[in-house]
Amino acid sequence: MIKLFKKIFTINSVTRRMRVAFMSLLLLLFFSGAISLLELERVSQDTEEILLASKENVELAGDMLTALNEQNDVMITLAVASGKWEVIKSYSQRCEESVAQLSHSTSLAQRKMKRTETPMAADTLVMSANRVNELAVSYINGDVHRSIAMALADSTRVAPTTHEWYVNEYKPEYEHTAEQITKYMTGVHNSLGPEVNNLSHTARRAVTPVFISLIVMVVIVIMFYFFITHYFVRPILRINRSLGDYLTYKMPFDEGIGCRDEIATLRDRIAQLINKFTK
Amino acid sequence: MRVHVVIRYIGMVLQFIAAFMLLSAIVSMLNGYDSAYYPLLLSSFLTALLGLFPLIFADKAEDIKIKEGYAIVVGSWLVACVVGMFPYLIWGGEFTAINAWFESVSGFTTTGSSILNDIEFLPRGMLFWRSASAWIGGVGVVMFALVILPSMGRSRHMLSNVELSTIAKDNFHYRSRVIIRILTMVYVGLTVITTLALKVAGMTWFDSVTQAMSACGTCGFSTKNLSIGFWDSPVIEGILMVAMTLSAIHFGVLYATMTGRRNNIFRSEVVRTFIGMMVIISLVISFSLLANGTYSSWGESLRHSAFQVVSITTTSGFATADTNTWTPLAVILLIFLSVVCGCAGSTSGGMKVDRMLIAAKIIRNRMRVQLHPNAVIRTKVDGVVQDEGVLSLVLTFIVAYIMVALLGTIVYAIFGLDLTTSFTAAISCISNVGPGFGEVGSMSNFADLPAVLKLNSTLLMLVGRLEIFGFIQLLFIRSWG
């Protein structure tokens, strides 16, 4: 059994040595490539996750801002430009849609932020959005107009205009909500910090094995060069020189050139040939 | 020098290291494929390939010359330290390139210093690899490679001569083939027995194996941030003290004791000096600590002082107490022990008790000659007359050790470290002890040192492990012919 094992793993010809050496190099090359691919895949996956998360957050913030601005446009048109009840009806659907959109987006943002380190900021954002929505709904429902009408009827009170209502009541809430959405955007960006750090760690881990594999390959190639020179090139050059010396100056062929495998056979055969001619 | 022969045997050592990396990967696998699995497996594959490649071309050599022996030993150690970095580097974490090099050199030279701030954060596979590197380094990378290679014939002897310190070689009265058998039996046997004893004392299997490997390699790598202080168990400390002491005694003497021969540990003058020195210094330190009020009871004081004395003298570097807070007398004595260390022919480093004993006898004989100018006085150790060549080598080594230590201290001081830290860090590294004092004390580490000083530390570790001259020879490799 041991003999069989030895026989299988004994390399005693130039061809076999070269074949095994090239196979080793190929294996390492393939291995380095496979590691690169695997590690780059991992980095790519992490990067994709971060970009996706970032994209989703930006889109969500964009939705919230669009809804808020839509609502603000409606409010400006109704309360500042027109203020008439008849006009309100035509804009009510647009306003309701923006309220629903803002409400939906903020609740989504709240769910996302609950998973991060800023759950308190999520609550503030939702409260702010709810407040601005309530104001818009109350205007659409006619509550603001009714309140103004009651104030007009009461001689003791100063009745505000819808324009004043917008400036004093709605606009501060609108600005506060917009500010909260901006905060949400920066907050979410900051919450990606650990993931970005992880990505940097993963990137380092991706580069290191490939780098080490390459160093190992360089060392193996240097060893390969050394062994080829030592065991094959130098003996052939010495045989060639010795044969040249024999042919030119009739100096005896050096039969003691240190070599092995087929090169040793070549040396011995040349020596035999020379002996044959000498006789 | 036949470079192809040197490369072939270094390749064999690499295969041995690759096998241990694979073993560590298996530990990682058993631990639920922890994060060390992939780095260890990958490192094992790369190291094995690197080691196997020379075997395709280079045939075995029947006769290894002394210069080739030196090159194989020094080369193996350096290459082992380089490939030992692979798992750390690939794993990442606290391991930058410099840190990985430091940890690898510290393991293979059995120094036991670390750059890790949180050891317990490492996955089990990586902790096992740390201890395994210490264990391999303990008795010498080359000796292990020789054990697993049955076909080296006469070439064994030359490698053994280089690996074992000069005095250890003189003390060995066995043939080289027997030396390898002795090393295997004593080292493996001691590790197995220590593992079992630690398990019985209450450690888990994993901790038992890793602490035993570290103790028998006199390295001091622990799996806990508090080192052995984590277990706070007198029984565990006692077991480790015995293991460390035995590992720091000449393996040939241990073998002789086990096999009932005459030159056993009870008759050995060197061993008597070694153990006597530890006992006396332990007692002095414990009195000093008790008088100073560092510990409230005599028992506690003796327990901690004895453990630290054994740990430092054997160059293990395990800790149960912060020696930085101890009295100046205790600190000075521990520094003295860091210089003297264990016996030649063991896994410990440092100047060695044998050399100190011979140096002391040379001084005594010199005094006698002053009194009796015509007297012919010979220097004997264990009843064996030491020839002038050995005496000269001993003195040369001591001078070289002091010079290297001072040079190392200067380098540390250049970068702004205080005198205590600089001197003890240099001594600790060159003696392969592990902890020093000051910023590199028993409860701190080398993490905060600048990269240049980490490199300086690793250089000192390698110089110390290769008994200074083994390393210096490498500088003159071009003139070897």
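The values are calculated or read from the model by the stated rules, or taken from the named source; none is laboratory data. All values reported here derive from a predicted model rather than from experimental measurement. Virtual Cβ from ideal backbone geometry, glycine too; neighbours counted across all protein chains shown.
Being in a helix (DSSP H, G or I), among the hydrophobic types (A, V, I, L, M, F, W, C), surrounded by 24 or more Cβ atoms within 10 Å (Cβ to Cβ) and modelled with pLDDT of 90 or more is true of B:Phe102.
In the condition set (1) assigned to a helix (DSSP H, G or I); (2) surrounded by fewer than 24 Cβ atoms within 10 Å (Cβ to Cβ), B:Gly416 is compliant with all but (1).
One residue stands out among those in the stretch B:433-443 that are buried (at least 19 other Cβ atoms within 10 Å of the Cβ) and not in a helix (DSSP H, G or I): the one that is modelled with the lowest pLDDT, which is B:Ser442.
Answer yes or no as to whether A:Arg205 is basic (Lys, Arg), assigned to a helix (DSSP H, G or I), in contact (Cβ under 8 Å) with a residue 12 or more places away in the chain and within 14 Å of chain B (Cβ to nearest Cβ). Here the answer is yes, as A:Arg205 does meet what is asked.
Put simply, of B:Ala168, B:Ala256, B:Ala215 the only residue that is at pLDDT 90 or above and either closer than 30 Å to B:Glu68 by Cα or among the aliphatic types (A, V, I, L, M) (or both) is B:Ala215. Screening B:Ser428, B:Ser422 for residues that are assigned to a helix (DSSP H, G or I) and touching a Gly at 6+ places or on another chain (Cβ under 6 Å) leaves exactly one candidate, B:Ser428. Is it true that some residue in the stretch A:228-240 is in a helix (DSSP H, G or I) and more than 30 Å from B:Pro54 (Cβ to Cβ)? Within the stretch A:228-240 (the criterion being in a helix (DSSP H, G or I) and more than 30 Å from B:Pro54 (Cβ to Cβ)), the answer is no, since none of the residues qualifies.
For beta carbons closer than 8 Å, sequence separation of 6+ or different chains, a first residue in the stretch B:245-272 that is under 22 Å from B:Ile358 (Cβ atoms) and a second that is acidic (Asp, Glu), the qualifying pairs are B:Asn263/B:Asp382; B:Arg267/B:Asp382; B:Ser268/B:Asp382; B:Glu269/B:Asp382; B:Val270/B:Asp354; B:Val270/B:Asp382. Every condition in (1) under 18 Å from B:Ser28 (Cβ atoms); (2) more than 10 Å from every other protein chain (Cβ to nearest Cβ) is met by B:Phe86 except one, and the failing one is (2).
Only residues that are over 21 Å from B:Phe86 (Cβ atoms) and within 12 Å of chain A (Cβ to nearest Cβ): list them for the stretch B:52-65, please. Matches in the stretch B:52-65: B:Ile56, B:Phe57, B:Ala58, B:Asp59, B:Lys60.
Against the condition part of a helix (DSSP H, G or I), surrounded by fewer than 18 Cβ atoms within 10 Å (Cβ to Cβ) and under 22 Å from the mean Cα position of the chain (by Cα), how does B:Val279 come out, does it pass? So B:Val279 passes the test. Among the residues of the stretch A:246-261, just one is assigned to a helix (DSSP H, G or I), more than 14 Å from chain B (Cβ to nearest Cβ) and surrounded by 12 or more Cβ atoms within 10 Å (Cβ to Cβ), namely A:Tyr246.
Taking the stretch B:216-262 as the range and being surrounded by 19 or more Cβ atoms within 10 Å (Cβ to Cβ) and in a loop (DSSP other than H, G, I, E, B) as the test, the residues that pass are B:Gly217, B:Thr218, B:Cys219, B:Gly220, B:Phe221, B:Ser222, B:Thr223, B:Trp231, B:Ala248, B:Ile249, B:His250.
The set of residues from the stretch B:1-31 being more than 21 Å from B:Gly137 (Cα to Cα), among the hydrophobic types (A, V, I, L, M, F, W, C) and away from chain A (no Cβ under 14 Å) comprises B:Met29, B:Leu30. Give the stretch A:219-237 a look and list any residue that's in contact (Cβ under 8 Å) with a residue 40 or more places away in the chain, β-branched (Val, Ile, Thr) and surrounded by 15 or more Cβ atoms within 10 Å (Cβ to Cβ), or say none. Passing the criteria: only A:Ile220. Restricted to the stretch B:32-51, and to residues there that are within 11 Å of chain A (Cβ to nearest Cβ) and touching a residue at least 40 places away in the same chain (Cβ under 8 Å), the residue that is surrounded by the fewest Cβ atoms within 10 Å (Cβ to Cβ) is B:Ser35.
Yes/no per residue for (1) farther than 17 Å from A:Val219 by Cβ; (2) at pLDDT 90 or above; (3) acidic (Asp, Glu):
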| residue | (1), (2), (3) |
| --- | --- |
| B:Val74 | yes, no, no |
| B:Gly84 | no, yes, no |
| B:Tyr88 | yes, yes, no |
| B:Trp91 | yes, no, no |
| B:Phe108 | yes, yes, no |
| B:Thr111 | yes, yes, no |
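The requirement of being among the aliphatic types (A, V, I, L, M), within 24 Å of B:Thr424 (Cβ to Cβ) and in contact with a Gly (Cβ under 7 Å, 6 or more places away or on another chain) is not satisfied by B:Ala215.
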